[in-house]
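Here the structure comes first, spelled out in structure tokens, and everything after it is commentary.
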Amino acid sequence: MTVPLTILFSLLAAFVLTISKAVLVSRLIRDHEYSLRNLITISVLFSAATAQSIASQCSYLGCGWSLRFGWVPQILRSVFGASPMSDAQLIVLAMLVYALLSIHFFGHLLGWAIYALSRTRTLIG
């Protein structure tokens, strides 16, 4: 499988996961089973990771492909000392975690938007 095709399938999977998360969040809000704590937690984690990635130094992998995730190995090295994973592996792992966090964050936002639109349509009609 070629790299562009793999990227396309990854983006398609992320889109489908975001839409399914949005539908689930909208349904939970409608059924009064949604906790705002989920949205707050996801928002704080997403904002903190994004702000730290924007403010950090470039790494050889981070600046070329995404936000700068060179801060992850630095923090892990300062907390735990030596790591069994290389810096490049930690950066890729951080990028995957950030991708999952992004899917959840945008799924929650889209879920609220779907709920607001359906609620507005109910009030108008």
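The values are calculated or read from the model by the stated rules, or taken from the named source; none is laboratory data. Since we're looking at a predicted model, the values are computed, not measured. Cβ sites come from the backbone with ideal geometry, for glycine too, and all protein chains shown count toward neighbours.
What's the total number of residues in segment 90-125 that are within 21 Å of the chain's Cα centre (by Cα) and surrounded by fewer than 13 Cβ atoms within 10 Å (Cβ to Cβ)?
The number of residues fulfilling the criteria is 2.
Taking R77 as the residue in question, decide whether it is surrounded by 10 or more Cβ atoms within 10 Å (Cβ to Cβ), modelled with pLDDT under 85 and in a loop (DSSP other than H, G, I, E, B).
Considered against the rule, which asks whether it is surrounded by 10 or more Cβ atoms within 10 Å (Cβ to Cβ), modelled with pLDDT under 85 and in a loop (DSSP other than H, G, I, E, B), R77 comes out as no.
Considering only residues of segment 43-61 that are surrounded by 12 or more Cβ atoms within 10 Å (Cβ to Cβ) and over 30 Å from G111 (Cα atoms), which is modelled with the lowest pLDDT?
L61
Can you tell me which condition T122 does not meet? The list is (1) among the polar types (S, T, N, Q); (2) under 27 Å from L11 (Cα atoms); (3) at pLDDT below 90, and all the others hold.
(2)
Restricting the search to segment 31-41, which residues are of a type outside the set (S, T, N, Q) and surrounded by fewer than 14 Cβ atoms within 10 Å (Cβ to Cβ)?
Within segment 31-41, D31, H32, E33, L36, R37, I40 qualify.
Please list, ordered by first then second residue, the pairs with beta carbon atoms under 9 Å, 6 or more apart or interchain, first in segment 26-39 and more than 12 Å from W112 (Cβ to Cβ), second assigned to a helix (DSSP H, G or I) and among the aliphatic types (A, V, I, L, M).
What qualifies is S35/L28.
Could you tell me which numbered condition S26 fails, if it satisfies all but one of (1) surrounded by 13 or more Cβ atoms within 10 Å (Cβ to Cβ); (2) at pLDDT below 80; (3) of a type in the set (S, T, N, Q)?
Just one mismatch for S26, condition (2).
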